[in-house]
Amino acid sequence: MAWPRLCYACGSRTSDAASRCDCGEPLWLALDPPSDWPVTNENSIWRYREWLPVDAPAGIGAAAGGTPLVRTRRLDDLVDCRVHLKLESTNPTGTFKDRGSAVGVAATSGPLGTVSHGNMAISVAAHAAASGRPCSVLVPDDIPVSRLRQIAEYDPRILRVTGDYGELYDATIKIGSQLGIRFLNSDTPLRVAGQKTTGLEICEAFAPDTPDAVVLPVSSGGHASGIWQAFRDLETAGLIQEPPALYLVQAAACSPIADAYQAAQDTVSAVEPAETIAYSIANPDPPSGTRALTAARETGGGVIAVDEEAIREAMTTFAEVVGVSAEPASAVTLAGLEKLTATKQIAQNDDVVLVVTGTGFRNDAAGSVTTETIPQSELAETLKAHH
Ligand SMILES: *Cc1c(COP(=O)(O)O)cnc(C)c1O
Ligand SMILES: [Zn+2]
């Protein structure tokens, strides 16, 4: 089924199952928001069934979202504002990606796929396993074996694809629709629809008020897009008066969205990335970068970059001061907040939510790893041979 889709940038609507508008920007699902908060005790993304295109699936997809919001007073003195943590580590595979995977899996049938070498690969592979569907995970050829093991645990087909990894994103959407493989990539409309629930949960927790700011790590811009759509839907529904300011944080080693913000540009351009420990947010050519940039500007927030040393320090602070093991990509929120309060963009009495997007707990999964290495030119043929 194709739900109506809308372009945030030019306002075009389509009923095609497209991911991109003719103007080049990503589409999101256009679902009319209900006029009130849910009346249910459900504590998962399915609490917001009225905001979502489908019903909950059986299995782990039913357990996505409903993550805790924790007030951490011990951080207040360090960063000079009122800090709350949205702990995404309680999702079935330890990151917010499960919100999008759950909706993507519930809304489709047949073989699944994704282009990821990190948390999204783990999430899609796990949700595919839970629904008994074949899954192809496309990783870069030079992926470290420790990360491969974490994906391989769920036994998807893992293809190490040589050639330009960035180009794979669009290629899989096209090849996938030809072959009937549903690629749930980082900003596909169904994934963004599921990831909207982070924003709904944060706002409902503060209702009828809203937090002053939400600080989020950003890579592809898919999560930021979903959260922005939640704020817009809630405003449309009259459930919030003003959206929280959305601040996005990148690692300085790979910061195309922060660069565009700093340079007061309207669109995000690809950058040449350097190495960062925050590999989960190291997308040098973010498919929803411009949409994320727009979200930050429209909500009165901003986009900043933090260096490696600040990321390491923030990880230590999370663990030692509030007992939270955050992966480097999530620790950037605290490093970013320190900058935002130092420059008075966030004030002393502001309520600020840091979205701790992923767990620091990934253990070394046991078991063997099987992969195939193929050139990108053989991708369609190789995928076809399997499904
Ligand atoms: C994927 C991911 C992000 C970035 O989300 P985008 O939707 O790609 O912007 C941030 N943190 C963690 C832990 C992630 O896995
Ligand atoms: Zn458009």
q = 0.06, 0.12, 0.14, 0.15 Å⁻¹: log10 I(q)/I(0) that the Debye formula gives for the chain, counting C-alpha atoms only: -0.20, -0.87, -1.23, -1.44
Cross-link reach list, lysines versus Lys344, counting only Cα pairs under 26 Å and skipping chain neighbours closer than eight places: Lys86
Estimated distance in nm for a label pair at Trp3 and Lys384, the labels positioned 7 Å out from Cα along Cα-to-Cβ: 3.2
Cα-centred dipole magnitude for the chain, charges only on beta-carbon of K, R (+1) and D, E (-1), debye, nearest 20: 840
Positive dipole terminus of segment 163-223, leading residue within Val192, Thr172, Gly222 (C-beta point charges): Thr172
Value of [θ]222 nm, deg cm²/dmol, for the chain, DSSP H segments ≥ 4, -39500 (n - 2.57) each, nearest 500: -11000 deg cm²/dmol
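In whole percent, what relative contact order does segment 154-244 give with Cα contacts below 8 Å and a gap of six or more residues?
Numbers: 77 pairs, mean separation 24.6, N = 91.
Contact order relative to length: 27 percent.
Relative contact order, percent, of segment 235-387 when contacts are C-alpha pairs under 8 Å separated by at least 6 residues?
Working: 191 pairs, mean separation 32.0, N = 153.
This gives 21 percent for segment 235-387.
Given an 8 Å cut-off on Cα distances and at least 6 residues of separation, report the relative contact order of the chain as a percent.
Details: 841 pairs, mean separation 74.0, N = 387.
Result for the chain is 19 percent.
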Carbon + sulfur, % of accessible area of segment 231-363 - ligands and nucleic acids excluded, 1.4 Å: 44
Residue-wise HN-Hα coupling along segment 370-375, computed from phi with Karplus coefficients 6.51, -1.76, 1.60 (Hz; x: Gly, Pro): 10, 9, 10, 10, 9, x
Calculated from backbone phi, Karplus (6.51, -1.76, 1.60) coupling profile of segment 284-290 in Hz, x at Gly/Pro: x, 9, x, x, 10, x, 5
Mean-position separation - Cα centroids, segment 305-365 and segment 60-134, in angstrom: 18
Positive-pole candidate from Val353, Leu52, Gln241, dipole of the chain, charges at beta carbon: Leu52
Residues with amide H under 5 Å from that of Cys135, placed H, sequence gap 5 or more: Leu112, Arg157
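What FRET efficiency comes out for Ser35 versus Thr267 if R0 is 30 angstrom and r is the Cβ-Cβ distance? Round to the nearest 0.05.
Efficiency, from the Cβ-Cβ distance: 0.30.
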Dipole magnitude of segment 224-336 about its Cα centre (Cβ charges: Lys, Arg +1; Asp, Glu -1), debye to nearest 20: 300
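Taking the Cα centre of segment 114-236 as origin and charging only Cβ (+1 Lys, Arg; -1 Asp, Glu), how large is the dipole, in debye to the nearest 20? Mind dumping the intermediate values first?
Values: 10 positive and 14 negative charges, 114 e Å.
My answer is approximately 540 debye.
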Backbone N under 17 Å from the Ala274 label point (7 Å along Cα→Cβ), restricted to segment 227-268: 250-260
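Length gain on complete extension for the stretch Ala207 to Asp142, per 0.36 nm per residue less the alpha carbon to alpha carbon distance? List each step's numbers first, then the result.
On the way: separation 65, 0.36 × 65 = 23.40 nm, distance 4.60 nm.
Full extension from Ala207 to Asp142 adds 18.8 nm.
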Charge dipole of the chain about the Cα centre (unit charges at C-beta), most positive-ward option of Gln250, Ala9, Ser116: Ser116
Segment 1-126: translational diffusion in µm²/s, Stokes-Einstein, Kirkwood Rh over Cα pairs, 37 °C, 0.692 mPa s: 195
Of every Cα-Cα pair in segment 222-345, the percent that sits beyond 16 Å: 63
Those lysines that a straight Cα-Cα span of less than 30 Å connects to Lys384, excepting residues fewer than 8 apart in one chain: Lys97, Lys174
DSSP beta bridge pairing in the chain, given as percent antiparallel to the nearest 5: 25
Solvent-accessible heavy-atom area per residue, rounded to whole Å², over the chain at 1.4 Å: 40
Between helix 119-130 and the chain: long-axis angle, C-alpha atoms, 0 to 90°, nearest 10: 60
Protein accessible area in segment 63-134, 1.4 Å probe - carbon and sulfur %: 50
Highest-MSF residue in the chain out of Val214, Val54, Val192 [GNM, Cα springs under 10 Å]: Val54
Cα gyration tensor, segment 95-141 - rounded (a/c under 1.5), prolate or oblate: oblate
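The values are calculated or read from the model by the stated rules, or taken from the named source; none is laboratory data. Computed from a prediction, not measured in an experiment: that's the story for all the values here. Cβ: placed from backbone, ideal geometry, glycine included. Neighbour counts: every protein chain shown. To get the accessible areas, we keep the full protein, side chains included, count just its heavy atoms, and leave off ligands, DNA and RNA. Shrake-Rupley method; radii C 1.70, N 1.55, O 1.52, S 1.80 Å.
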